[in-house]
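The values are calculated or read from the model by the stated rules, or taken from the named source; none is laboratory data. Please read these numbers as outputs of a predicted model, since none were measured by experiment. Neighbour counts are summed over all protein chains in view; Cβ atoms, including those assigned to glycine, are modelled from backbone coordinates with ideal geometry. We work out accessible area using only protein heavy atoms, side chains counted, and drop any ligands, DNA or RNA first. Shrake-Rupley method; radii C 1.70, N 1.55, O 1.52, S 1.80 Å.
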Amino acid sequence: MKKTCLLSALLWLLLLPVACGKTDGEPHYYEIRSESRQLEKSEKSQFLLGQQYYLGTPVSILAEPSASEGTGGDIDVYIHPMGEDKKLLLSGVSKEYRTKGWYLDHKGQCFITGSSGITRLDADGKLLYKSRTENVIMDICCLEDGGIILLTSKDGLWQFSELDPDTGKITRIDKVSVQGGKAYIGAFGKNLMLLNEQGFWRIDLKRGTKELTLPFAGTLYTIDRAEDNPADFWCDGSEAGILWSSGKEERLVRVDISGKKEIIRVRGKCASWLKKQLHLFNQSNEVYYVILEEPEDGDSESDFHVETYLKLTSGKGADIICSNAVDSDVSGLIEKGVFADLAPLMEASGILEENYFPAAFDAWRDDEKIYGLVPNLNIWDYVLDKEILKGSEELTIEVLVDSMLEFEEDRVFRAGVGGVTIMKYFLQGSEDLWEMVDWENGTCDFSGELFSKMLRAAKRYAADKRYQYPAITNLRQCMNLYSLDTAKSLEAKNQVHLGVFFDDGHYAYSSLNNGIAMGINAGSAHLEGAWELLVFLLNEEAQSMINYQDDAFPVNRNAFEHLIQYELEAAQATIEVEHDGVVFTKPANIRFGQEFTEAQAEEIRRLLAEAKTVPYRVTPLLSMIAEETAYYFNGDKSKEEVVSQIQNRVQLYLDEHKTRK
């Protein structure tokens, strides 16, 4: 019986909202870091028949060639408890039973499960019976009272059956079933426990009830490691155990129910690196534990945002808020004092900005106040066809817009990009939308020539119905070091670096669509612990685990340099290859069909050192402009009508919001 991995992922599950066997109503949490020991490896002549908990001890059931003479390839079966010597269980067993799926009940009786039935051997290793089933047997367990339960699968539905160990009669239990997916069963005293993607269920087969006693929702639990094979699990009121294997390695994990810890709640969707760091923080920290609040299945993004907003504005909510847990108007939350200023905490902790790339701290920044940090960078950059500029040396937003309008050939801005997106590109990097907004005095003016030219250029270069024309720009994600264009290679393509236009120049930008910013709830009762977690994410050890192939770079400069030096050294390694009798040398580490060079390393250093995040304060204004300009690009309103409506909406917004300086 082969079980695909679910339990191995629990090595990373450190918190569960309710502890198994606890009924006092107070929260308890699982700690799964207490013990993980490698089991004894099998000898080459041995064959692993099964692994399980047997009478409270993890054991391996092993087959070896029979020591008896004249057995014709039969096997001897041993039981090997962890930390002890193996013991002979059966001798001279037919080699046809040299197969996985062995299981021992509390009396030491031997069962072998297969896809279509179950076999029982007697005390001499001879066949006692074979029982066939209509359904596929997926798991087996023996309860405290000796009852043997089978978990079977048919048509995507998990069903339970009871086996009479003496006669082999299998009786289906129709009172309770579970929907398909990965599932496993184990003993919980006289009761049955089932483990699936949702958590641990207590199953009462007599009453036909099931109770989700240990839900995984809101925890750091993940399930995606199909290379591992769980063997067995058990749970009681004080601890639980998981026996699993991966390849040739078998491990036992004991799970102790921990005492109370101070809980840090992080709200948002987190990628794999961040989830792993939250696990590592939980493993290493003696005071705080992290629980992750992610959207539940079926929850819309907008509903998740609204729930976050309502909690935060009522003085509640998680301790740490990720940018993908709130809508685009984070400025409203900052104005309401929802986020704590991290600058004093940084100073007190010795966190120096010069040790990190600037984009780490500028996502939610207001002058000297820092309301959030970005733990890893997702960098994007634009490049522009040089012929558009017609020899202009200085590249500004005005030069770009004028050059686009003066260029005579039919082009689009970027493949598949419409006028609304082009307008967002023109405006997004400027804190005051190129002096169209006066935040200090609370006024705006969109009647100027630059905004008018932007509208004309965006409409002309929109690709909505003009797919046949070539694009003047390309958007490049800067994660693939090996295919990153240098200034020299761009020149050879007759292209120049464009980036996004900010108030002080044009640079690559740090995207929060793929990455995240993290801020601390000013009303958090665990502000010190929340900050401790953010510091943990910024340290060099955690940052060094960021893999650029996962679409992110470290914000820690030292960690980044270690990454770059590793890639450069790997690129310099060579191997000798023989072909048609000729030996020649070639690079040992060519990735993506290319080498990584010092020139590319310098280019990515420059991009990261200059990269900025678009100002958060203009985001709600950009949303208004996008809604109104769509009418112009669709031909439903004139340019004058659209400009007037934008003027009115932005002015109303400014009137409703107090000026912040």
The one condition in (1) among the hydrophobic types (A, V, I, L, M, F, W, C); (2) modelled with pLDDT under 95; (3) outside any helix (DSSP H, G or I) that Leu490 fails to fulfil: (3)
From Leu252, Leu194, Leu243, Leu278, residue being part of a strand (DSSP E or B), open to solvent by less than 10 Å² (accessible area, probe 1.4 Å) and modelled with pLDDT of 60 or more: Leu194
Number of positions in segment 421-452 that are out of contact with any Lys or Arg (no Cβ under 9 Å at 6 or more places or on another chain), open to solvent by 50 Å² or more (accessible area, probe 1.4 Å) and either touching a residue at least 60 places away in the same chain (Cβ under 8 Å) or not in a strand (DSSP E or B) (or both): 7
In segment 360-372, residue nearest to the chain's Cα centre (by Cα) [restricted to those that are at pLDDT below 95 and assigned to a strand (DSSP E or B)]: Arg365
Within segment 149-175, considering residues that are over 29 Å from Asp122 (Cα atoms) and either open to solvent by less than 10 Å² (accessible area, probe 1.4 Å) or outside any strand (DSSP E or B) (or both), the one modelled with the lowest pLDDT: Gly156
Evaluation of Val136 against (1) out of contact with any Pro (no Cβ under 8 Å at 6 or more places or on another chain); (2) of a type outside the set (D, E, K, R); (3) surrounded by 17 or more Cβ atoms within 10 Å (Cβ to Cβ) (one fails), failing number: (3)
Segment 363-392 residues that are farther than 18 Å from Ala271 by Cα and open to solvent by 10 Å² or more (accessible area, probe 1.4 Å), paired with ones that are β-branched (Val, Ile, Thr) and outside any loop (DSSP other than H, G, I, E, B) (beta carbon under 6 Å, 6 or more apart): Tyr371/Ile334; Tyr382/Thr473; Lys386/Val496; Ser392/Val399
Of residues in segment 416-468 being over 12 Å from Thr629 (Cα atoms) and β-branched (Val, Ile, Thr), the one nearest to the chain's Cα centre (by Cα): Val417
Every pair of residues 6+ apart whose Cβ atoms lie under 8 Å, when the first sits in segment 603-628 and is closer than 24 Å to Met479 by Cα while the second is among the hydrophobic types (A, V, I, L, M, F, W, C) and surrounded by fewer than 18 Cβ atoms within 10 Å (Cβ to Cβ): Glu603/Ala487
Check on Tyr288, among the hydroxyl-bearing types (Ser, Thr, Tyr) and in contact with a strand residue (DSSP E or B) (Cβ under 6 Å, 6 or more places away or on another chain): yes
Residue ranges of strands (runs of 3 or more DSSP E) in segment 1-112 with at least 1 members at pLDDT 70 or above, closer than 26 Å to Gly147 by Cβ and of a type outside the set (Phe, Trp, Tyr): 47-54, 57-65, 75-81, 87-93, 102-104
Test: residue in segment 298-315 that is touching a strand residue (DSSP E or B) at 6+ places or on another chain (Cβ under 6 Å), modelled with pLDDT under 85 and open to solvent by 70 Å² or more (accessible area, probe 1.4 Å): no
Segment 638-657 residues that are of a type in the set (Lys, Arg), paired with ones that are open to solvent by less than 40 Å² (accessible area, probe 1.4 Å) (beta carbon under 6 Å, 6 or more apart): Lys639/Leu455; Lys639/Tyr632; Arg649/Met624
Selection count, segment 92-117, where residues are open to solvent by 60 Å² or more (accessible area, probe 1.4 Å) and either in contact (Cβ under 8 Å) with a residue 12 or more places away in the chain or among the small types (Gly, Ala, Ser) (or both): 6
All positions within segment 295-326 that are without any contact (Cβ under 8 Å) to a residue 40 or more places away in the chain, assigned to a loop (DSSP other than H, G, I, E, B) and farther than 17 Å from Val374 by Cα: Pro295, Asp297, Gly298, Asp299, Ser300, Ser314
Tally of residues being surrounded by 18 or more Cβ atoms within 10 Å (Cβ to Cβ), modelled with pLDDT under 85 and of a type in the set (A, V, I, L, M) across segment 197-216: 1
Pair list, Cβ under 6 Å, 6 or more apart: segment 118-136 residue under 24 Å from Gly92 (Cβ atoms), other residue open to solvent by 20 Å² or more (accessible area, probe 1.4 Å) and not in a strand (DSSP E or B): Leu128/Asp122
Test: residue in segment 472-481 that is assigned to a helix (DSSP H, G or I) and within 22 Å of Leu607 (Cβ to Cβ): yes
Within segment 99-136, considering residues that are touching a Gly at 6+ places or on another chain (Cβ under 7 Å) and of a type in the set (Val, Ile, Thr), the one farthest from Gly186 (Cα to Cα): Thr133
Qualifying positions in segment 458-470 - open to solvent by 30 Å² or more (accessible area, probe 1.4 Å) and not in a loop (DSSP other than H, G, I, E, B): Lys459, Arg460
